[in-house]
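First comes the structure, then the notes that go with it.
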Amino acid sequence: MNDAPDLDLDTSWMERMGEWGTAAQPGKRGLTLEDIRIGRYGELPEESDNMSGRPRGAAERAEAFRIDGYTVRSKKEIWLDNATFLYEEALQRQWSSATDIPWETITPLPDDLEEAECALCTFFNEVEFVAGDVPARWVANISPDFFEARNVLLAQVQDEARHMDVFRKRALANGGGLTRVSGATSGFIGSIDLSRDFTEMSSRMHVSGEGAVLTMFRMGELVGQNPAEKRMYRLCAQDEARHVAFGIMHLRYLHATAPERHEEIEAYLDEAENLSLTGGTNPAGPQAETSEALAILLGGGKQNYDEGFRILLAIRKRQLKEYMQRVISAGFGERFENGRSPVPGRIAQLS
């Protein structure tokens, strides 16, 4: 005997759904975001009118409340073609500052080397705070229709939190401590947070600021005094490379789709090159306090400062060359040929 009540269910909601019958298939790397960009779910609007937080591809709900906080609603303002790849890589290459750094390999250093390393760690703590804080402010402003780019920025926030804690741990792990703040965050680096446009922020932070820091991280094999420091810099470099790639690919997309913004972007690059890359706020620059710490570490002590400074000059040159290659890759390389950029001249001075 069936005692179940005779219910008159309203299942009309089942008719108001996104595209049905979708069956995404995993690839060699599993089921990635790229694999599920199929059908309507993979269609990106040029301009998003989604103000309710509706997942892209889901059916609309007329009575849904407006969140009304999405100021980045144009694809041109945020998009990059490899966002899904960068996000998946960020997930697959996570690491722990507690267990993936061989802290036991750190042994007492001479005072000058410990002080120099702690000064550098203090500086990186400052700038990585900005590099995590700024993207976090922008995430909530981006339409959910462009969630792939949002996800990359969210992964960056996690990366930068890890960078902050690993450099803080190193400063406190070997009898030293944090030193006086460098003041870098009160100049060009700090001004990144004042950006009024996402592309302005990204060109300042991802392309110029993080690009300069990436070169320094890649020099960790020379700067590090033990396996722990070398691995710390190496792991930070792999994260930083993703952040820089975000900015370059975003500029490349804009170069191809928004010619009306080319001069605006050139102006952002002008500012970065004059204030950060060739000016005093470059951590490896001639007027930076951190450059002295770097020279001491590169030379193996104060007594070898001249040799360390010679290596530092080579790092500056590499820093500028890598920046040029990134900007050329983004489509804005003409500035290095028409005399607009001071970077080629600065490289010549370092040769």
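The values are calculated or read from the model by the stated rules, or taken from the named source; none is laboratory data. Note that the structure is predicted; figures quoted are calculated from it, not measured. Positions of Cβ are backbone-derived with ideal geometry, glycine not excepted, and every protein chain shown enters the neighbour counts.
Some points to look at:
- Listed by first and then second residue, the pairs linking a residue in segment 291-302 that is without any contact (Cβ under 8 Å) to a residue 24 or more places away in the chain to a residue that is assigned to a helix (DSSP H, G or I) and buried (at least 21 other Cβ atoms within 10 Å of the Cβ), with Cβ atoms under 7 Å apart and 6 or more places separating them unless they lie on different chains, are SER291/LEU312; ALA295/GLY308; ALA295/LEU312; GLY299/GLY308.
- Any hit, segment 56-67, residues being farther than 20 Å from ALA136 by Cα, small (Gly, Ala, Ser), in contact with a Lys or Arg (Cβ under 6 Å, 6 or more places away or on another chain) and at pLDDT 90 or above: yes
- Selection within segment 72-100 - surrounded by 15 or more Cβ atoms within 10 Å (Cβ to Cβ) and part of a loop (DSSP other than H, G, I, E, B): ARG73, TRP79, LEU80, ASN82, TRP95, SER97
- Subset of segment 22-34 (residues that are part of a loop (DSSP other than H, G, I, E, B) and in contact with a helix residue (DSSP H, G or I) (Cβ under 9 Å, 6 or more places away or on another chain)): THR22, ALA24, ARG29, THR32, LEU33, GLU34
So that you can scan it fast, the table gives a plain yes or no per residue for (1) touching a Lys or Arg at 6+ places or on another chain (Cβ under 9 Å); (2) touching a residue at least 24 places away in the same chain (Cβ under 8 Å); (3) surrounded by fewer than 19 Cβ atoms within 10 Å (Cβ to Cβ); (4) farther than 17 Å from GLU322 by Cα:
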| site | (1), (2), (3), (4) |
| --- | --- |
| ILE192 | yes, yes, no, yes |
| PHE198 | no, yes, no, yes |
| GLY211 | yes, yes, no, no |
| ARG218 | yes, no, no, no |
| GLU221 | yes, no, yes, yes |
| TYR233 | yes, no, no, yes |
| MET249 | no, yes, no, no |
| TYR253 | yes, yes, no, yes |
| GLU260 | no, no, yes, yes |
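- Condition met for THR107 (on the phi < 0 side of the Ramachandran plot, surrounded by fewer than 17 Cβ atoms within 10 Å (Cβ to Cβ) and in contact (Cβ under 8 Å) with a residue 24 or more places away in the chain): yes
- Within segment 116-230, helices (runs of 4 or more DSSP H) holding 3 or more residues that are within 16 Å of LEU80 (Cβ to Cβ): 147-171, 198-202
- Considering residues of segment 17-36 that are in contact (Cβ under 8 Å) with a residue 40 or more places away in the chain and out of contact with any Asp or Glu (no Cβ under 8 Å at 6 or more places or on another chain) only, the residue surrounded by the fewest Cβ atoms within 10 Å (Cβ to Cβ): MET17
- Subset of segment 239-261 that is among the small types (Gly, Ala, Ser) and in a helix (DSSP H, G or I) - its residue that is farthest from ASP81 (Cα to Cα): ALA241
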